[in-house]
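Please read the structure below before turning to the comments.
The values are calculated or read from the model by the stated rules, or taken from the named source; none is laboratory data. Given the structure is predicted, the values throughout are model-derived calculations rather than measurements. Virtual Cβ from ideal backbone geometry, glycine too; neighbours counted across all protein chains shown. Calculation scope for accessible area: heavy atoms of the full protein, side chains included, ligands and nucleic acids excluded. Shrake-Rupley method; radii C 1.70, N 1.55, O 1.52, S 1.80 Å.
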Amino acid sequence: MSEYVLSVGMEVHAELRTESKMFCRCPVAFGGMPNTRVCPVCLGLPGTLPVPNRAAVQMVLRTALALNCQVPAHSVFHRKNYFYPDLPKGYQVSQYGETNPIGYYGYLEIPKLDGTTKRIKIRRVHLEEDTGKLLHLPGGGSGVDYNRAGVPLMEIVTDFPPDIEDPDEAKEYLVQLRQTLLYLGVCDGKMEEGSLRCEPNISVRLAGAETYGTKTELKNLNSFRAVQLGCMFEKKRQSELLEGGSKVVQETRGWNEQTESSFLMRVKESEQDYRYFPDPDLIPMEFTPEQIEAERAALPELPLAKSTRYQKDLGLSPYDAGVLTADRAWAEFFESAIGQGGDAKQVCNWMNGDFAKLLNEAGETALTSGEATVGKTSKVRPGHIVELTKLIEAGTISGKIAKEVFGDMFTSGSMPSELVKSKGLTQISDPAEVLAVCEEVVRENAGQAEQYRAGKEGLFGFFVGQVMKKTQGRANPALVQESLKKALETQ
Amino acid sequence: MSLTQLNATELARSLRAREVSAREVVDAFLSRIESEDAHYKSFLTVDAEGARRDADAAQALLDNGKGGPLTGVPVALKDNISTNGLRTTCASKILDTYVPPFDAHVVERLHAAGCPVLGKTNLDEFAMGASCENSAYFPSRNPWDTDLVPGGSSGGSAAAVSAELAPLSLGSDTGGSIRQPASLCGIVGFKPTYGRVSRYGLVAFGSSLDQIGPMGRNVEDTALLAEAISGHDAMDSTSLPNAAISAAEVKQGTLKGKKFALPKELFADEIDAGVRECVELAIETLTREGAQFQEVSLPSIAYGVTTYYIIAPAEASSNLARFDGIRFGPRLEGEGHIGNVAETRGKLFGPEVKLRIMVGTYALSAGYYDAYYLRAQQVRALMAAEFEQSFQEFDAVLSPTSPVVAFPIGGLVDDPMQLKLIDFCTIPANMGGFPSISLPCGLSNDLPVGMLLTGPVMGDEKLLQTAYSVERGLGRDYRRPPIL
């Protein structure tokens, strides 16, 4: 088979995390009884008018700047006209034009496996409103739920010709984009709930060919894995079609998660004419240079930049840095701990190890949230972890005891030093005291001591265990090693 | 003299003086509507119960000394203004069963001002027309001669005031739909500056042109109603910040030294000779009163109708897309979703509405957009600039309101172009968002002729003042239709 290369254009829709809808005051939420979050405006009743949600405009502006986009002085809302039952007004308020969207001509850097980064060009970041949802009624027929109608939606489209050339890049683009949106606090990124929707446009062409192949659009991809698998599947499907002398048909295909294959949804017969024109009910948005600069200055450090910094300045591994920066609140927790004098590597190990495990077990969503949920919902504060690492460092408690203390402080919120004191967990580091215990253990297990001395050295661990048992794990492990050897040899 | 003969200012005075109760006033108009509207067909829906309820609320305001300038004075509403719980049809079968669950901003304002709502008046379907003949229900009739049209599209609102079925009414004006029927029915009709009266709840036709406005028997009544309904509305993004119109100084103006521009394009051959002579005679009278007139040329006026018939239908084609039978109004069944929509829209929209949707859809199509819609917007900007230029020098631009007086019902059905040219004089004000008022200035063939005054954006108070002094300068009392 000839070599085919893949090209992927990404169209991402992100529902904005505003309190209310784009053009009315209905609340934004997921699920619930159909048509319970609607009003005359989002139902498109005759005579109603839109009033833009300023928070939504600001969120798109921030995203545009975070994605290194240009921002126009004036940005206009257009009407995209088409009939569909889930579209209350018979048009969707959206944004049209090359340099009219709130953001245009930007890029997003994605990490490559070899440690370098790749720049994915972005054509536009614009603001529009979501549609309702068609539902099949149990008794037959269809209904429309307009709860989602009018929810602010941000569309982010990559540039053409596409920079994304393999399924891993497609996935990584989405990972980075999602993290960025979470960092900015503009989207909750829940792909499974549809608040972040990704529709890749996929084509293949013979290696070296100049013109791009016919593309297919893939829908229903609700995980990173699905995006990756979908691109792989389409590459194979399209390559085989071309290899067999057939043509790729421009069509919209759906993704079947069970069979891990795509299926035909509809063929795009002709480009639909949406008859875009400026919405006369809305006045153009204006962005002053001062406003743009103020927003730019207020942008948080983005995940990839943070991760690079952690590796370079703090000596963390790419993996550790990646886990720490995947969530903004998680990274901020880490930075707060470092700021309080914690050792980067130690704090990182506790966070990505026991803390993450306990949070997940407790059903906390610290690793997927976009906000400071760690701070809000866990009793463990950065100071706890810093103190814990200091107690270990000073030899006050052993690593094993520290795990126990972590579990306690996770439940109670007490400081590790208090727990150590109240529960008497301080490490026994007095050589005489440890030696006394060791001698006692050897005495009590004279038979095993005999065998050990006869050359069965494997029994040493048994004696360590007995000492730890007697001291409830508090004996300094290094001291135990030393003292046990002494006790076994001298008796 | 019966109560219904009193104008709004007189009624308000009587109500405040407790010479009459709000309930008596409303009942007088309701009973006149019941007995007389069969001749004029100005109402589509009469809301006797609601009007009486409103009257009681108004009386409570009056009794508590909280009455305003129009408290207790009833108003009729064009049936494209949404009324909570009261059928709002736009004179279209596609909204035959539609009852809005909310009030238009102006209706809220009327309630706050204590103006009882008598009912909903007839119009050309979706305000598309200039004669009220495009109503899907019935044509309305001109009180000056019931064989003639009252004009349109706010024909029902004009006829109701003229026939003394209501002292005041609200219309909407996209290309002249308040001012032209006011002219044909011999009353005053005012289109405020775009953005001074909220459009929230007005069923949209051409959103960038539409403006709700008052109609009354004289300038003072009309100004008081403008004051009651104007003001900033957070629900309308195009609402202006300092939108409130004050009627406090409407009577303070003088004609002395007032300068009027007379665009020669609006006194040309398109204007019926009788109408032109009537307006010219009025100009002579006003000159004697100290007003100054100067002929000017505003050449872009020639493109007004053409431009209008691209922009308004383009916006309408999109605005009317929501009438698909899914969420409100009747639904007709067809093949699948698109079949349902096609059947509903195909059968329930009238021919003029469908024509304009098609024209507008075409004008917005890929490949035609630049040549039509974009070009029309450029001409529109040019037209606005020409008018703005003349406002540097003149207090107002003056012309006839309508090129013709009222014409027979059915008389122009075979000449749709002529019917569209009727908006010739009124369209520029919508293009530039200018305030514009029509007031009676005499008769031609025993039928009313209207004079149109147009002023600069936000110059509403001054324009009303000027109109008031013109009304005084013409030196005659309000002329009732002879039939009354």
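Cα gyration tensor of the stretch B:44-123, axes a ≥ b ≥ c as square roots of the eigenvalues: rounded (a/c below 1.5), prolate (a/b > b/c) or oblate?
Numbers: a/c = 2.53, a/b = 2.39, b/c = 1.06.
Since a/c reaches 1.5 and a/b is larger than b/c, the shape of the stretch B:44-123 is classed as prolate.
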Charge dipole (the stretch A:4-291, unit charges on Cβ, about Cα centre) - positive-most of A:152, A:26, A:259: A:26
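Let me confirm one metric for peptide A:90-96, namely the mean number of other chain beta-carbon atoms within 10 Å of its residues' beta-carbons.
Working: counts 10, 5, 0, 0, 0, 0, 0.
Counting other chains' Cβ atoms within 10 Å and averaging over A:90-96 gives 2.
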For the stretch B:178-202, residues shielded by at least 50 square angstrom of accessible area compared with the chain on its own, probe 1.4 Å: B:200
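Give me the percent of accessible area attributable to carbon and sulfur for the stretch A:174-253, probe 1.4 angstrom. Mind dumping the intermediate values first?
Values: 1550 of 3240 Å².
The value for the stretch A:174-253 is 48 percent carbon and sulfur by accessible area.
With N residues in the stretch A:199-328, what two-decimal value do you get for its Cα radius of gyration over 2.2 N^0.38 Å? Each step should come with its number before you reach the end.
Working: Rg = 21.8 Å, N = 130, 2.2 N^0.38 = 14.0 Å.
Compactness ratio reported: 1.56.
Output the pairs from A:89/A:268; A:89/A:236; A:112/A:235; A:235/A:345 with a Cα-Cα distance over 31 Å in this structure; if there are none, say none.
Details: A:89/A:268 24 Å; A:89/A:236 41 Å; A:112/A:235 20 Å; A:235/A:345 41 Å.
A:89/A:236; A:235/A:345, as the Cα separations exceed 31 Å there.
Ballpark to the nearest 100 Å², how much total accessible area do B and A bury together, probe 1.4 Å? Intermediate results must be reported in sequence, preceding the final value.
Values: alone 17710 and 23910 Å², together 38820 Å².
So the buried area, both faces added, is about 2800 Å².
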Dipole of the protein assembly as shown, Cα-centred, from +1 at each Lys and Arg C-beta and -1 at each Asp and Glu C-beta, to the nearest 20 debye? 1440
Work out how much length residue A:273 to residue A:54 would gain on full extension: take 0.36 nm times their residue separation and subtract the Cα-Cα distance, in nm to one decimal. 75.9 nm
If every Lys and Arg gets +1 and every Asp and Glu gets -1 at its Cβ, then about the Cα centre the stretch A:301-423 yields a dipole, in debye to the nearest 20, of 140
Counting only protein heavy atoms, probe 1.4 Å: which residues of the stretch A:238-285 lose 10 Å² or more of accessible surface in the full assembly compared with their chain by itself? A:273, A:275, A:276, A:277, A:278, A:280, A:281, A:283
For the stretch A:4-291, what is the Kirkwood hydrodynamic radius in Å, using each pair of distinct C-alpha atoms? 19.9
State in Å² the accessible area per residue of the stretch A:1-159; use a 1.4 Å probe, count heavy atoms of protein chains only, and round to the nearest integer. 39
Place +1 on the Cβ of every Lys and Arg and -1 on the Cβ of every Asp and Glu in the protein assembly as shown, take the dipole about the Cα centre, and give the residue among A:245, A:292, B:121 whose Cα lies farthest towards its positive end. A:292
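With an 8 Å cut-off on Cα pairs and a minimum separation of 6 or more residues, tell me the relative contact order of chain B in percent.
Working: 1196 pairs, mean separation 84.0, N = 484.
Relative CO of chain B lands at 17 percent.
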Run the numbers on the stretch B:331-367: which residues show a drop of 10 Å² or more in accessible area, chain on its own versus all protein chains together, using a 1.4 Å probe over heavy atoms? B:337, B:338, B:341, B:345, B:361, B:364, B:365, B:366
For chain A, averaging the sequence separation of alpha carbon pairs under 8 Å that lie six or more residues apart and dividing by its residue count, the contact order in percent is 13
Order B:306-317, A:298-309 from most to least packed using the mean count of other Cβ atoms within 10 Å. B:306-317, A:298-309
Picking from A:311, A:189, B:367, whose Cα lies most toward the positive end of the charge dipole for the protein assembly as shown (charges on Cβ: Lys, Arg +1; Asp, Glu -1)? A:311
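Can you pull the Kirkwood radius for the stretch B:250-301, inverse mean 1/r over Cα pairs, to one decimal in Å?
Details: mean 1/r = 0.0822 Å⁻¹.
For the stretch B:250-301, the Kirkwood estimate is 12.2 Å.
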P(r) tail fraction, the stretch B:186-325 - alpha-carbon pairs more than 26 Å apart, %: 45
Tell me, what is the 1.4 Å probe accessible area of residue A:204, in Å² to the nearest 10? 10
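If you count, for each residue, the other Cβ atoms within 10 Å and average over each peptide, how do A:163-174, A:472-483, A:31-42 line up from highest to lowest?
On the way: A:163-174: 21.4, A:472-483: 18.2, A:31-42: 16.7.
Sorting A:163-174, A:472-483, A:31-42 by mean packing, highest first, produces A:163-174, A:472-483, A:31-42.
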So what is Rg over Rh here for the stretch A:431-490, counting just Cα atoms and using Kirkwood for Rh? 0.93
Largest-first semi-axes in Å of the equivalent ellipsoid built from the Cα gyration tensor of the stretch A:1-125 are 33, 18, 16
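What's the carbon and sulfur percent of the stretch A:341-491's accessible surface, probe 1.4 angstrom, rounded to a whole number? Each step should come with its number before you reach the end.
Working: 3980 of 7590 Å².
The nonpolar share, carbon plus sulfur, comes to 52 percent.
Could you work out the Rg to Rh ratio of the stretch A:301-423, with Rh taken as the Kirkwood radius (inverse of the mean 1/r over all Cα pairs)?
Details: Rg = 13.9 Å, Rh = 14.5 Å.
Across the stretch A:301-423, the Cα-based Rg/Rh ratio is 0.96.
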What the 10 Å binned alpha carbon P(r) of chain B shows, as percent of pairs per bin from 0, is 5, 22, 33, 27, 11, 2, 0
Measuring with a 1.4 Å probe in the full set of protein chains, what accessible area per residue, in whole Å², belongs to the stretch A:431-490? 56
Run a plain Debye calculation on the protein assembly as shown (Cα atoms as equal point scatterers, no solvent) and give log10 I(q)/I(0) at q = 0.06, 0.10 Å⁻¹, rounded to two decimals, same order as the q list. -0.58, -1.11
With every protein chain present, what is the per residue accessible area of chain B (1.4 Å probe, Å²)? 34
All other residues with a Cβ under 9 Å from the Cβ of residue A:201 taken together, and with Lys, Arg as +1 and Asp, Glu as -1, what is their net charge? -2
Could you compute how fast chain A diffuses translationally, taking Rh as the Kirkwood radius over C-alpha pairs and applying Stokes-Einstein at 37 °C with viscosity 0.692 mPa s? Give it in µm² per second. 123
Can you give the Rg to Rh ratio for the stretch B:1-78, taking only C-alpha atoms and Rh from Kirkwood? 0.97
Determine how large the accessible area of residue A:240 is when every protein chain is in place; take a 1.4 Å probe and give Å² rounded to the nearest 10. 90
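Return the subset of A:121/A:379; B:120/B:354; A:118/A:403; A:306/A:403 for which the Cα-Cα distance in this structure is over 31 Å, preserving the input order. Can you show the working numbers first?
On the way: A:121/A:379 42 Å; B:120/B:354 24 Å; A:118/A:403 40 Å; A:306/A:403 28 Å.
Beyond 31 Å: A:121/A:379; A:118/A:403.
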If you place +1 on the Cβ of every Lys and Arg, -1 on the Cβ of every Asp and Glu, and leave all else neutral, what size is the dipole of the stretch A:431-490 about its Cα centre, to the nearest 20 Debye? 120
Accessible-area ranking of A:274, B:372, A:146, largest first, probe 1.4 Å: B:372, A:274, A:146
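Starting from 0.36 nm per residue, how many nanometres of slack lie between residue A:113 and residue A:362 once their C-alpha separation is accounted for? Before the final figure, lay out each step's value.
Numbers: separation 249, 0.36 × 249 = 89.64 nm, distance 3.28 nm.
Gain on extension, residue A:113 to residue A:362, equals 86.4 nm.
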Determine the shielding of peptide A:49-57 by partner chains: average, over its residues, the number of Cβ atoms on other chains within 10 angstrom of each Cβ. 3
Could you give log10 I(q)/I(0) at q = 0.13, 0.22 Å⁻¹ for the stretch B:319-386, computed by the Debye formula over C-alpha point scatterers of equal weight, without solvent? -0.52, -0.92
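Can you pull the percent of the stretch B:323-384's accessible area that's carbon plus sulfur, 1.4 Å probe, other chains left in place? Don't skip to the end; give the middle numbers.
Numbers: 1930 of 3170 Å².
Carbon-and-sulfur percentage of accessible area, whole number: 61.
Averaged across B:316-326, how many Cβ atoms of other chains sit within 10 Å of each residue's Cβ atom?
Numbers: counts 0, 5, 10, 7, 2, 11, 11, 3, 8, 0, 10.
Neighbouring Cβ atoms belonging to other protein chains average 6 per residue here.
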